[in-house]
Amino acid sequence: MMQDDYFYYKAHQDDIVKNHLGDLVILKDAHVLGYYKDEQEALIDMRRNNHAPGTFMLRQCKPRGMDTMFYRNNRVHFGTAETSD
């Protein structure tokens with residue numbers, strides 16, 4: 001549940017930020033699934049590991065008072081763009 005992930009992050013924020021400042025962290029079921037340098041890499045890895053959008057929380061590792069949250073829902077689609085040559 002997202003609320004559990006949020007409270008887990010807040011409880012461990014200082015340690016997470018100390019080691020991963022500026023990275024993105026993925027949380028699910030009050031556990032860290034991984035740290036990533038960019039959002040696309042994080043989302044591709046979540047899909048590869050069968051974690052559906054809307055079932056995990058993505059946050060940037062920032063100090064208290066400077067943090068923001070990214071929300072994902074099940075309407076996110078993965079694919080490739082087709083271009084005409």
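Out of H20, H31, which single residue is touching a residue at least 12 places away in the same chain (Cβ under 8 Å) and surrounded by 14 or more Cβ atoms within 10 Å (Cβ to Cβ)? Break it down stepwise before answering.
Details: H31 fails: surrounded by 14 or more Cβ atoms within 10 Å (Cβ to Cβ).
Matching residue, one of H20, H31: H20.
Given the conditions (1) within 13 Å of C61 (Cβ to Cβ); (2) loosely packed, with under 12 Cβ neighbours inside 10 Å, report the number of the one that R48 does not fulfil.
(1)
If I go through the stretch 2-11 residue by residue, how many of them are touching a residue at least 12 places away in the same chain (Cβ under 8 Å) and out of contact with any His (no Cβ under 8 Å at 6 or more places or on another chain)? Can you show your working first?
The first filter runs over the stretch 2-11 and keeps only residues touching a residue at least 12 places away in the same chain (Cβ under 8 Å), leaving 2, 4-9.
Checking which are out of contact with any His (no Cβ under 8 Å at 6 or more places or on another chain) leaves us with 2, 4-7, 9.
Count: 6.
Take the residues in the stretch 26-35 that are under 17 Å from N50 (Cβ atoms) and not basic (K, R), then tell me which one is nearest to the chain's Cα centre (by Cα).
Looking only at the stretch 26-35, we keep the residues that are under 17 Å from N50 (Cβ atoms), and these are 26-29, 31, 33-34.
Of the ones still in play, those that are also not basic (K, R) are 26-27, 29, 31, 33-34.
Values: I26: 3, L27: 6, D29: 13, H31: 11, L33: 9, G34: 8 Å.
Of everything passing the filter in the stretch 26-35, I26 is nearest to the chain's Cα centre (by Cα).
Let's see how each residue does on (1) closer than 23 Å to G65 by Cβ; (2) acidic (D, E):
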site	(1), (2)
D5	yes, yes
K18	yes, no
A30	yes, no
L33	no, no
E39	yes, yes
N50	no, no
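Kindly provide the set of residues from the stretch 4-17 that are farther than 12 Å from P63 by Cα, among the aromatic types (F, W, Y) and crowded, with 17+ Cβ neighbours inside 10 Å, ordered by number.
Residues of the stretch 4-17 farther than 12 Å from P63 by Cα: 4-8, 11.
From the residues that got through so far, the ones that are among the aromatic types (F, W, Y) too are 6-8.
Y8, the sole residue that qualifies.
Bear in mind that the values in this text are calculations on the coordinates, not laboratory data. Because the structure is predicted, anything quoted here is derived from the model rather than measured. Glycine also receives a Cβ, built like all others from the backbone with ideal geometry; neighbour counts cover every protein chain displayed.
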